[in-house]
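Notes follow once the structure below has been shown.
The values are calculated or read from the model by the stated rules, or taken from the named source; none is laboratory data. These numbers come from a predicted model, not from an experiment. Please note: Cβ atoms are built from the backbone with ideal geometry, for glycine as well, and neighbour counts cover all protein chains shown. Heavy atoms of the whole protein, side chains included, go into the accessibility calculation; ligands, DNA and RNA do not. Shrake-Rupley method; radii C 1.70, N 1.55, O 1.52, S 1.80 Å.
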Amino acid sequence: MAAVDDRPGAAPATPAPLPTGRGIELVLLAFAAVLVTGALGLVEANQEQQLTQALIWVGLAYLGLFTIAHFAVRRFAPYADPLILPSVALLNGLGLVMIHRLDLAELAQATAVGDPPPTELLSRQIAWTAVGLALFVAVLWLVRDHRKLSRYAFTCGLAGIVLLALPGLLPASISEVNGAKLWIRIGPVGIQPGEFAKILLIVFFAAFLVQKRELFTTAGRKFLGMEFPRPRDLGPLLLAWGLSIGVLVIERDLGSSLLFFGIVLVLLYAATERVSWLVIGLTIFMGGALIAYQLFGHVRVRVQVWLDPFADFNGTGFQIGQALFGLGTGGVGGTGLGAGRPDLVPFAYSDFMLSSLGEELGLIGLSAILVVYLVMITRGLRSALAVRDSFGKLLATGLSFAIALQIFTVIGGASKLIPLTGLTLPFLSYGGSSLVANYALVALLLRISNAARAPLNRRPAAPLPPIAEAGTELVERPK
């Protein structure tokens, strides 16, 4: 029962408004479950498989998992944005559909040549989805106030750097896969620590930029109408650049290096609103790219394949060449779920999930998927605009931009807009580490969204460090 102030002259208590969006979120989750179950049926029908009740059970299990996630959100973050979780659920479900479709293709090929049945990836991905949703609920339960994360900012930074560098320092026998040292493999189980390091480093840089805001907003010399920072204030950006190059050297992973530096650069711009930071960052990035091209053979190969994938089609250009043929075959409307040949592209279930979806869903289907991604990212950025504390603004911006940059690099690489980076599509591609880490990321976004949308009398008021209590400031631009 709510407490009532019965002192003489006290204003009558007004009940807090009830959270909105409960029904909307549940209806959208049910719609996603119907869509995913129908897509599984189309795959089975086009692959000349017998339609069984197993498809219904898969749909019910899918709906059950996300119903639990829905009630967890409404229990621990009742005012959170109702569109983020359904967007994630739909993307995750479409990824399961395409992984199942590729499983059927692999099984057909093995049966035709008399090989034993290959390992089914769908069951593994469903298990990873359950693990990811369990972590999602745990983050919502443990992190009741996102501002408390600022207390552990430097611990998160140290842990993030350790997780990022650890695979590169371990023996190649337990850390290297396909030339990149990204894994920690113990028997049949392996994880990519860099996926979790991404979130920890975003927490660190968000708190660091709030704490040192005067360092980055101090004006230096003015050039071409822009105020550039003082040379001694470039240390953090140069440190991030050095760490990115270090990741590229010891782990031979272009994607993580690009993602890490891009997040730091965007957070700097969001904290200062100075275009000069972007100019300096992009200049340093181009210098690092030229150095990497000259020193590292794998970077040089990727650039050469990007410039002309058909120069060595049967060798280094086979993967991107087949992906381009698949996208061309799909055209506008696609071949239909289960009616294409996405299995001809190596790693079609992970690095080239975009080409698999593009071949069978076409430009229309890919556009719809990008719209779902756009809804999720814009709602995250909307939470960043609405939340009142600076730490929450930068944290939500960094988390949302991490997803956006990852999507851009994957789509750009698969469509030959930019060189391949080795990243995967969030929630769509096969992979346990990426899926679980991204569910933790979404849980933090929902926590910030809940703080932004909750009425004032429902917001947490626990004692917090000065970093978390720092509000936004109106800074007058120089005339």
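Structure above, values below:
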item: Euclidean distance of C-alpha centroids, the stretch 33-83 and the stretch 343-386, integer Å; result: 18
item: At R0 = 45 Å, FRET efficiency that the Cβ-Cβ distance of residue 250 and residue 111 yields, to 0.05; result: 0.60
item: Förster radius 22 Å - calculated FRET efficiency between residue 42 and residue 325 (Cβ-Cβ, nearest 0.05); result: 0.45
item: Residue-by-residue Karplus 3J(HN,Hα) for the stretch 113-126, coefficients 6.51, -1.76, 1.60, Hz, glycine and proline x; result: 9, x, 7, x, x, x, 5, 6, 8, 4, 4, 5, 5, 5
item: Accessible area per residue, Å², the stretch 130-180 with all protein chains present, probe 1.4 Å; result: 52
item: Fraction of accessible area attributable to carbon and sulfur, the stretch 22-455 (%, probe 1.4 Å); result: 69
item: 3J(HN,Hα) from dihedral phi, the stretch 238-251, Karplus parametrisation 6.51/-1.76/1.60, rounded to Hz, x for glycine, proline; result: 5, 5, 4, 5, x, 5, 5, 5, x, 4, 5, 6, 7, 10
item: Inter-label distance, nm, simple model (7 Å from Cα along the C-beta direction), residue 61/residue 456; result: 5.0
item: More than 40 angstrom apart: percent of Cα pairs within the stretch 22-455; result: 18
item: Average accessible surface area per residue within the stretch 260-366, 1.4 Å rolling probe, Å²; result: 44
item: Overall form of the stretch 105-217 per C-alpha gyration tensor (a/c, 1.5; a/b vs b/c); result: prolate
item: Separation in nanometres of the label points that stand 7 Å from Cα toward Cβ, at residue 134 and residue 364; result: 4.1
